[in-house]
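Trainee: Sharing a structure with you now.
Just so you know, all these numbers are worked out from the coordinates, no wet-lab data involved. Because the structure is a prediction, the values reported are computed rather than measured. Neighbour counts are summed over all protein chains in view; Cβ atoms, including those assigned to glycine, are modelled from backbone coordinates with ideal geometry.
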Amino acid sequence: MAASSFADLVAKGLKTQPFALVDVGCSGGIDPRWRAFEPSLKVLGIDASDAECRRLTQRERNPNAEYVAGFAGLPDDHPHRHKTSIETIGYLVKQRLSYVRTLQIRQAWLAKASHEERMRQNEWQTTELASAAETIVVPELLTQRGWTNADYLKIDIDRDDLEVLMSFEDRFEEFGLMAVQLEVMLVGSDAELQHTFHNTDRFMRRQGFELFDLEVRRYSAGALPGRYIWPTPAETEFGRPFMGEAYYALDPAAPNGCRRTLDAEKLAKLAAVFSLWNVPDAAAELLLTKRAVFEPMFDIDRALDALAAQAQPNRLRPRSYAAYLAEFEKDSPSFYRREGAIGLGERLLAAWQAFRRPRR
């Protein structure tokens, strides 16, 4: 896969810094795409399921990966603690969405299910949980662990996600974070502290981050259930936009730059993140904007060719970056969908694309 080949190229060019990932809500394990940075990969995973953290620790082969069990959030004395809960959102939809009814139907079966099956069904609340008596404040834990240079923060805890995010307010630069992946709710009220996308988006922009991708997940109403996307009851083929995954990053290629100055390895890792997010255009823009910075690390033309190949997933022999740009400059028909009804060939191609790159 071209995204991996570009990330591999970047990983081989790293000399002094590992790729440091903080995964809050790590059940199921870290996303496999970050393994492209191994052996230069450092991980701190946090999850409320003690049993899951033990399982991940036993399975992990990376000596620089650690899994910590606990509930993450704001400090006990913070004025906004437990004011960002999704409970109101849950109340609004609990009796209306089809996946909730499926969970009710499966209740007896889930009570007897194994730990692995419960985690697969996202029923982490029914597993052996960590103590809720002491909250993990993630920035404080990073400081305790001596983490002074992190790259990537992911938050997905099905709980007080906004609280965990708020614990990093004005501290992203302190830890060197340059990319953040967040589960966001697309329903809710206009309350300023509710865990909704608009509040998350305002917060991230105040911290100097830009939105580079947004995955939308639809959930059908119980009045007319839709077919589930996955083998578990959650996202459906149709329904209201209910939640999603938002991908934020610094934007050093912007004409006015960004608030922070990133060194060469940080910039290279950010370009790799863009590629692994499947926004290779952002990676290419960063390479061209900072070409002089990257040239000592890896072959820029080879890197651009890898990104161009990622932009051409349906070509058996992808064009080079130069040829691809030349084709665009000619206003080639290949950059457009053909006019008229969608034919069988296009439908089969779309199905193949979905099979090769399913939504996470």
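Trainee: Check each of the GluC sites (Glu not before Pro) in the range 223-332 and keep only those in coil by DSSP with at most 16 other C-beta atoms within 10 angstrom; list them in order.
Mentor: Taking the range 223-332 and a limit of 16 other Cβ atoms within 10 Å, the loop GluC sites (Glu not before Pro) found are 237.
Trainee: Which order, highest average first, do 172-184, 107-119, 66-78 follow once you tally other Cβ atoms within 10 Å for each residue and take the mean per peptide?
Mentor: 172-184, 66-78, 107-119
Trainee: Count the DSSP beta bridges whose two residues both fall in the range 2-298, then state the antiparallel fraction as a percent rounded to the nearest 5.
Mentor: Antiparallel: roughly 50 percent of the beta bridges in the range 2-298.
Trainee: Can I ask one more? Highest mean first, what order results for 151-162, 191-202 on Cβ atoms within 10 Å?
Mentor: 151-162, 191-202
Trainee: What lysines could a cross-link reach from residue 15, if we take a straight Cα to Cα line under 24 Å and drop same-chain neighbours fewer than 8 places away?
Mentor: Excluding near neighbours in sequence, the set is 42, 266, 269, 290.
Trainee: Provide, for q = 0.09, 0.10, 0.11, 0.14 Å⁻¹, the log10 of I(q)/I(0) from a solvent-free Debye sum over equal Cα point scatterers in the range 144-299.
Mentor: Result of the Debye calculation: -0.36, -0.44, -0.52, -0.78.
Trainee: Related question: What is the diffusion coefficient of the range 183-245 in µm²/s, taking the Kirkwood radius over Cα pairs and the Stokes-Einstein relation at 4 °C with a viscosity of 1.567 mPa s?
Mentor: Estimated diffusion coefficient is 100 µm²/s.
Trainee: In addition: Please list, ordered by chain and number, the residues whose modelled amide H lies under 5 Å from the amide H of residue 43; skip anything fewer than 5 residues away on the same chain.
Mentor: Amide H to amide H, under 5 Å and 5 or more residues apart or across chains, residue 43 pairs with 21, 65, 66.
Trainee: For every helix of n ≥ 4 consecutive DSSP H residues, a contribution of -39,500 (n - 2.57) applies; sum these over the chain, divide by its total residues, and give [θ] at 222 nm rounded to the nearest 500 deg cm²/dmol.
Mentor: Calculated from helices alone, the mean residue ellipticity at 222 nm is -10500 deg cm²/dmol.
Trainee: Also, I was wondering about something else. Work out how much length residue 173 to residue 326 would gain on full extension: take 0.36 nm times their residue separation and subtract the Cα-Cα distance, in nm to one decimal.
Mentor: 51.2 nm
Trainee: Quote the relative contact order of the chain in percent (integer), defining contacts as alpha-carbon pairs under 8 Å separated by 6+ residues.
Mentor: 18 percent.
Trainee: Using alpha carbons only, what's the Rg to Rh ratio of the range 2-298 with Rh from Kirkwood?
Mentor: With Rh from the inverse mean 1/r over Cα pairs, Rg/Rh is 0.97.
Trainee: Under 5 Å between amide hydrogens, which residues at least 5 positions from residue 243 or on another chain qualify, with H placed 1.01 Å from N in the peptide plane?
Mentor: Placed amide hydrogens put 186, 217 under 5 Å from residue 243.
Trainee: Starting at the first residue of the range 275-285, write each ³J(HN,Hα) from the Karplus equation 6.51 cos²θ - 1.76 cosθ + 1.60 with θ = phi - 60°, in whole Hz, x for Gly and Pro.
Mentor: Per-residue couplings from phi come out as 5, 5, 7, 6, 10, x, 4, 5, 5, 5, 4 Hz.
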